[in-house]
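The values are calculated or read from the model by the stated rules, or taken from the named source; none is laboratory data. This one's a predicted model, so the numbers in the text were calculated from it and none came from an experiment. Ideal geometry is used to build each Cβ from the backbone, glycine not excepted, and the neighbour counts take in all protein chains shown. Each accessible area value is taken on the protein alone, full model and side chains, heavy atoms only, with ligands, DNA and RNA left out. Shrake-Rupley method; radii C 1.70, N 1.55, O 1.52, S 1.80 Å.
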Amino acid sequence: VVLLGGLDLLRPLGYAGIPVIVATPDARDPALDSRYCRGRCLLPTLERREAVIGTLLAVGLRLKRALGCRVPLFYGTDDHLSLIDDAREALQRVYLLLLNPPEVSRALLDKSRFQALARARGLPVPRALDWDELADVGRPVLVKPRVKTGWEGSTVHRRLLGGKGKARIFASGREVLAHPHAQQLRERLTLQEYVPGDDRALWSFHGFADEDGVLLAEFVGRKLRTYPPQTGTSSCLALARDAEVEALGRAIAARVPLRGVFKLDFKRCAANGRLYLLEINARFNLWHHLGAANGVNLPGIAYEYLVHGVRPAPRARGTRRIWVCPRLDWRAYRAYAARGELTFAAWLASLVRAPRVYDTFSWSDPLPWVRQRARRAPARLARELRALGARLQQWLSTAS
């Protein structure tokens, strides 16, 4: 596999014994230090899209000539998916890819188009709002970037979201209208009614489907914590069993229909118990590390189907192991504690009662974590020395 992704995608492929070439623009990417990385491909930055596509085509052609067949190209972000979608015809000549039709792919990457797709397919999404009706909306409003690609470095992320999280909750429509950055950035935003509920109300349905939309494998996930709470990035995740999520996930996947790998994000409304579809991601993601640790290796299943045409046999899936990003989860704990929603004892108990897989650390694959810590040590020492110097200077000025 040629992999546009990090450790959470690399390790499931490594568990399955699949050789991986990691393609990244970052020469210090922790995935390059993993025991499962068999080769590396340094890419141009994503801003140079044509150069990235050209590099991937050259690598794919070289592998095809050497092996006598195409290899899969796996991708872990919306930016990667957008790039692949733009060059799908050329890339499919040298890689094995199972993509949704172009009109579906574009709709899944743009929230305005997604609303239109949801209406056409009868999907249970929260009600979309227009700017001209906000003055009359007295309920909470969720504001998100309209386009899912490149959002982390965007003006919306920096100015409206404060560089944290994926969305922002306003108490009412009038509060949105009164916010100067919201007004300035309105063409880049999408608005919808906020579905009440904490992070544990967030569920996901993960699957892989064939060219006809027939589901080959699946699992259900539940978020335990995010940072920042309610609108942030996952910090602690678990697999779960929920008959309603499973049934609705299968129905939506068939109704679209979806092809290849996908994730459906749901939220169970605290007011009425109904499940709402928040978005659909048609790419690999960090949940697949947790899925593989619990017995459902979707990247491995996708590989076997794409390369060998093998459909997986039914298999038992566990829910015992959890996934944790320690750095983010500590911040999440502090944020929940400040809101009076989580004690230190309860947070610690949630971590120690279950076996864990981590975003970077692994007993069986320790080098990425070791080298990451070693690279950060000089910067940390410099910060501590600067802080010590500032305190010393303050003390000297006071002493004099």
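Structural remarks
- Between the range 79-126 and the range 187-230, the Cα center-to-center distance that results, in Å: 17 Å
- Part-to-part distance (alpha-carbon centres) for the range 1-67 and the range 310-344, which is given in Å: 27 Å
- Fully extending the segment from Q92 to K164, taken as 0.36 nm per residue of separation minus the present Cα-Cα distance, adds 22.3 nm.
- Taking θ as phi - 60° and the Karplus parameters 6.51, -1.76 and 1.60, the scalar couplings of the range 268-276 work out to 8, 5, 5, 7, 10, x, 7, 8, 10 Hz in sequence order, x denoting glycine and proline.
- Applying a DSSP loop filter and a limit of 14 other Cβ atoms within 10 Å to the GluC sites (Glu not before Pro) in the range 164-243 leaves E211.
- Cut-off 11 Å between beta-carbons: net charge of the residues surrounding Y276, Lys and Arg +1, Asp and Glu -1: +1
- Ligands, DNA and RNA left out, the accessible area of the chain computed with a 1.4 Å probe is 52% carbon and sulfur.
- Rolling a 1.4 angstrom probe over the protein heavy atoms with all chains in place gives the chain an accessible area of 48 Å² per residue.
- Dipole magnitude (debye, nearest 20) for the range 197-317, charges at Cβ of Lys, Arg, Asp, Glu: 280 debye
- Fraction of beta bridges assigned by DSSP in the chain that are antiparallel (%, nearest 5): 75 percent
- Given charges at beta-carbon only (K, R positive; D, E negative), |dipole| of the chain in Debye: 1080 debye
- Assigned charges on the beta-carbon of Lys, Arg, Asp, Glu; the range 227-378 dipole about Cα centre (debye): 220 debye
- The range 14-136 shape via C-alpha gyration tensor axes, a/c threshold 1.5: prolate
- Among E47, E304, E246: highest mean-square fluctuation, GNM of the chain, C-alpha pairs under 10 Å: E47
- A Cα-only calculation for the chain places Rg and Dmax at 22.3, 79 Å.
- Comparing P257, A201, S82 along the charge dipole axis of the chain, the residue lying farthest to the positive side is A201, per the Cβ-charge model.
- Estimated [θ] at 222 nm from DSSP helical runs (n ≥ 4, -39500 (n - 2.57)) normalised by residues in the chain, nearest 500: -12000 deg cm²/dmol
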